[in-house]
Amino acid sequence: MAITTQAKRPSKAVSPKNSTKKKDGEGASNGGAIEHNKEVYQRWFRDMYLMRKFEERCGQLYIQQKFGGFCHLYIGQEAILAGISEAVRPSDRMVTAYRDHAHPLSLGTDPKFVMAELYGRKTGTSKGKGGSMHMFDKERNLFGGHGIVGGQIGLGAGIAFADKYRNEDHVTMCFFGDGAARQGILHETFNMAMLWKLPVIFIVENNKYAMGTSVERTTNVTELEMLGASYRMPAETVDGMSPELVCAAVKRAADRGRAGEGPTLLDIQTYRYKGHSMSDPQKYRTKDELHEYQDKDPILHVRNTLLERGWNSEEELKQVEKEVKAQVEEAIVFAEESPYPEAHELYEDVYKTEDYPFVKD
């Protein structure tokens, strides 16, 4: 991840207000965007294209039964991670739910290790023991994907508490979906995080349908930024199809956290082009709605920006695309040629401490 080189901006948060029901995307914060140079857009293009092609191949491999378990694809949501990469530091922390293949890729984890984890191989990010829903990378401060809906919300606050307790200058990004926003742990965590002014950014990756039921059908509070209101937590609604606007919002939130001002809630409105998981028939939404969001595709936006500003030619971008596709194919070969964990691995990494005193024969 790259540290933003922009000057520190004053904290700016939108207080939740009562309002009439909004259309999709309406009310998202469009102000305070940071100007970015050619190198940032080039990095965004490569990184988002890698996420997209990696996930597309994952879907194909899953159908071919190359690996099993559940598989939740991030396709369409790439602008969130791209924008965040320019707003925080490599030492900052990240914890997320089970739609987590793209998160380690955005942090710089080699795709071959992520693919090997999907295949359940020893060379995977979790030694093949976690699979699709449990990607970790300790060296890059990725504290994992988690399968319990909303369970990582409390963990995110706990990580931030540890950093504050040790007087370490880090911010934790805690991701969860719009469905997890209805879990009780959210309210307990928000209360403590505000009380203790923890340096955590609660990020709703709001793709509008949770597992398959729309926000409008599951809650009277459709503007999810309002969830922070009763705790006086600063909150914003952000256009999650724009890496520029995501970057600006996360930068404001990170500045607040580092200044000791506590947590921020970001309702980042995005859209997944695929179903909740590979088994989802997606009967709850229309093709017209899907195409509407695909017209706002963040990768296409960044690609067009590079061309329109004369920063890259069509041939140069096609070369990048070719290189990324080759990188993904190399990751597949690596995964398929990697060994499975040996039987003794079942008993290792269960406890960090050897001779754990509470284990009895």
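Here is a yes/no grid of residues against (1) more than 16 Å from L155 (Cβ to Cβ); (2) among the hydroxyl-bearing types (S, T, Y); (3) modelled with pLDDT under 95:
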site: T172; (1), (2), (3): no, yes, no
site: A180; (1), (2), (3): no, no, yes
site: Q183; (1), (2), (3): no, no, yes
site: E188; (1), (2), (3): no, no, no
site: M192; (1), (2), (3): no, no, no
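Restricting attention to segment 223-249, the residues being hydroxyl-bearing (S, T, Y) and closer than 19 Å to I185 by Cα number 2. Within this structure, E261 fails the test of being outside any loop (DSSP other than H, G, I, E, B) and modelled with pLDDT of 95 or more. Can you confirm whether segment 107-114 contains a residue that is buried (at least 22 other Cβ atoms within 10 Å of the Cβ), modelled with pLDDT of 95 or more, within 19 Å of T172 (Cα to Cα) and within 14 Å of the chain's Cα centre (by Cα)? Scanning segment 107-114 turns up no residue that is buried (at least 22 other Cβ atoms within 10 Å of the Cβ), modelled with pLDDT of 95 or more, within 19 Å of T172 (Cα to Cα) and within 14 Å of the chain's Cα centre (by Cα).
Restricting attention to segment 297-319, the residues being in a loop (DSSP other than H, G, I, E, B) and closer than 18 Å to K53 by Cα number 1. For S338, which of the numbered conditions (1) touching a residue at least 12 places away in the same chain (Cβ under 8 Å); (2) under 18 Å from M48 (Cα atoms) fails to hold? S338 satisfies every listed condition except (2). Each residue in segment 130-155 was checked for being surrounded by fewer than 18 Cβ atoms within 10 Å (Cβ to Cβ) and touching an Asp or Glu at 6+ places or on another chain (Cβ under 7 Å), and 0 of them qualify.
None of S106, S91 is out of contact with any Cys (no Cβ under 9 Å at 6 or more places or on another chain), touching a residue at least 12 places away in the same chain (Cβ under 8 Å) and outside any helix (DSSP H, G or I) except S91. Annotation: of all residues in segment 324-343 being within 15 Å of G120 (Cα to Cα) and assigned to a helix (DSSP H, G or I), the one that is modelled with the lowest pLDDT is A343. Among Y293, Y271, which is the only one that is assigned to a loop (DSSP other than H, G, I, E, B) and crowded, with 16+ Cβ neighbours inside 10 Å? Matching residue, one of Y293, Y271: Y271.
When segment 258-285 is filtered for residues that are more than 16 Å from L73 (Cβ to Cβ) and touching an Asp or Glu at 6+ places or on another chain (Cβ under 9 Å), the ones remaining, listed by number, are R258, E261, T264, L265, L266, D267, I268, Q269. Would you check if there is a residue in segment 68-75 being closer than 30 Å to K164 by Cβ, β-branched (V, I, T) and modelled with pLDDT of 95 or more? Scanning segment 68-75, I find no residue that is closer than 30 Å to K164 by Cβ, β-branched (V, I, T) and modelled with pLDDT of 95 or more, so the answer is no. Closer than 17 Å to Y273 by Cα and in contact (Cβ under 8 Å) with a residue 24 or more places away in the chain: does that describe G83? Taking the combined requirement at face value, the residue does not satisfy it. E188 fulfils the conditions (1) touching a helix residue (DSSP H, G or I) at 6+ places or on another chain (Cβ under 8 Å); (2) among the charged types (D, E, K, R); (3) without any contact (Cβ under 8 Å) to a residue 12 or more places away in the chain except for a single criterion, (3). Taken over segment 157-209, the criterion of being closer than 30 Å to Y284 by Cβ and either in contact with a Lys or Arg (Cβ under 9 Å, 6 or more places away or on another chain) or in a loop (DSSP other than H, G, I, E, B) (or both) is satisfied by M173, C174, F175, G177, D178, G179, Q183, I201, E205, N207, K208, Y209.
The values are calculated or read from the model by the stated rules, or taken from the named source; none is laboratory data. Values in this document were obtained by computation on a predicted structure and should not be read as measured data. Cβ sites come from the backbone with ideal geometry, for glycine too, and all protein chains shown count toward neighbours.
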